[in-house]
Amino acid sequence: MEYLFAVLLFAVSSSVTPGPNNVLVMTSGVNFGVRKSLPLLFGICIGFTIMLFLVGVGFMQVFVHYPQLHLGIKIVGVLYLLYLAVLIAKSATSYSTKHHNSPLTFLNGALYQWVNAKAWVVASGAIAAFTTVGSVNLEQNLKISAVFLLVSFPCVGVWLVFGSVLKQYLTQSSYRRWFNYSMALLLVLSVLPVLVEIKQQVLLT
């Protein structure tokens, strides 16, 4: 019981704190509402759970043997995150038109986990802290993944609800535009630590 409680605390603290996933769902809630943003929420929560489980059964070993693959994923992740930042910055100007942008999909949310720097930190940290060293424990991996799956929906969902509440106060297009610019800037800032890592890896090769 103490083991599961420790995993639960880690899952809650890492899921509810600010990060790219929460910024994305909050922004989607502001621009499209809760119902249209649910596929993105489900994609993030289920996608991270799958990623966490695969990391637990030894996916990280692939990067140990092929470090260039890890570098490539980081680069793709940075480019994709910058692309999402551009979409967010543009979404306010098109929201009031008949042909406004569509919210991100389930697949967008699920695939994004593989290029999300925070997701990698949380996944590797959870596996390192709560599994037996030197072995692949399927039962432990399943427990950790199940806890994160259950916890992530309310923790990330809070940001979606918060976004939908903000939507009521951002009725003017100018307010929503500046909100989206701010969220886009937060995503860009979240890329900076990854850019430093990429630079260091490139210099070492």
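The values are calculated or read from the model by the stated rules, or taken from the named source; none is laboratory data. This structure is a prediction, so every number in the text was calculated from the model and none was measured. Ideal geometry is used to build each Cβ from the backbone, glycine not excepted, and the neighbour counts take in all protein chains shown.
Restricting to the stretch 23-42, count the residues that are within 14 Å of the chain's Cα centre (by Cα) and of a type in the set (Phe, Trp, Tyr).
1
If Leu8 meets every condition in (1) closer than 12 Å to Val158 by Cα; (2) not in a loop (DSSP other than H, G, I, E, B) apart from one, which number is that one?
(1)
Just to be sure I understand the filter: pairs with C-beta atoms under 9 Å, separated by 6 or more residues or on different chains, first member in the stretch 181-196 and closer than 12 Å to Val23 by Cβ and modelled with pLDDT under 75, second member surrounded by 13 or more Cβ atoms within 10 Å (Cβ to Cβ) and among the hydroxyl-bearing types (Ser, Thr, Tyr). Which pairs pass?
Pairs that qualify, where the first residue is closer than 12 Å to Val23 by Cβ and modelled with pLDDT under 75 and the partner is surrounded by 13 or more Cβ atoms within 10 Å (Cβ to Cβ) and among the hydroxyl-bearing types (Ser, Thr, Tyr), are Met183/Thr27; Leu187/Thr27.
Might you let me know whether the stretch 151-168 holds any residue that is small (Gly, Ala, Ser), out of contact with any Asp or Glu (no Cβ under 9 Å at 6 or more places or on another chain), closer than 30 Å to Ala89 by Cα and modelled with pLDDT under 75? So that I can check it myself, show each step before the final result.
Within the stretch 151-168, the first condition is being small (Gly, Ala, Ser), and the residues that meet it are 152, 157, 163-164.
Restricting the remaining residues to those that are out of contact with any Asp or Glu (no Cβ under 9 Å at 6 or more places or on another chain) gives 152, 157, 163-164.
Of the ones still in play, those that are also closer than 30 Å to Ala89 by Cα are 152, 157, 163-164.
Retained after the next criterion (residues that are modelled with pLDDT under 75): none.
No, there is no match, as no residue in the stretch 151-168 is small (Gly, Ala, Ser), out of contact with any Asp or Glu (no Cβ under 9 Å at 6 or more places or on another chain), closer than 30 Å to Ala89 by Cα and modelled with pLDDT under 75.
Just give me the residues in the stretch 79-103 being modelled with pLDDT of 50 or more and assigned to a loop (DSSP other than H, G, I, E, B), in sequence order. Give the derivation first.
Just the residues of the stretch 79-103 that are modelled with pLDDT of 50 or more, to begin with: 79-93, 101-103.
The answer is Asn101, Ser102, Pro103.
Looking at Gly33, Gly43, can you tell me which residue is assigned to a helix (DSSP H, G or I), modelled with pLDDT of 90 or more and over 21 Å from Ala129 (Cβ atoms)? Reasoning before the result, please.
Values: Gly33 fails: modelled with pLDDT of 90 or more.
It is Gly43.
Is it the case that some residue within the stretch 137-145 is modelled with pLDDT of 85 or more and within 18 Å of the chain's Cα centre (by Cα)?
So far as the stretch 137-145 goes, yes, one or more of its residues are modelled with pLDDT of 85 or more and within 18 Å of the chain's Cα centre (by Cα).
Could you check, for the stretch 59-69, whether at least one of its residues is in contact with a helix residue (DSSP H, G or I) (Cβ under 7 Å, 6 or more places away or on another chain), under 18 Å from Val165 (Cα atoms) and either free of Cβ contacts under 8 Å to residues at least 60 places away in the same chain or of a type in the set (Ser, Thr, Tyr) (or both)?
No, the conditions are met nowhere in the stretch 59-69.
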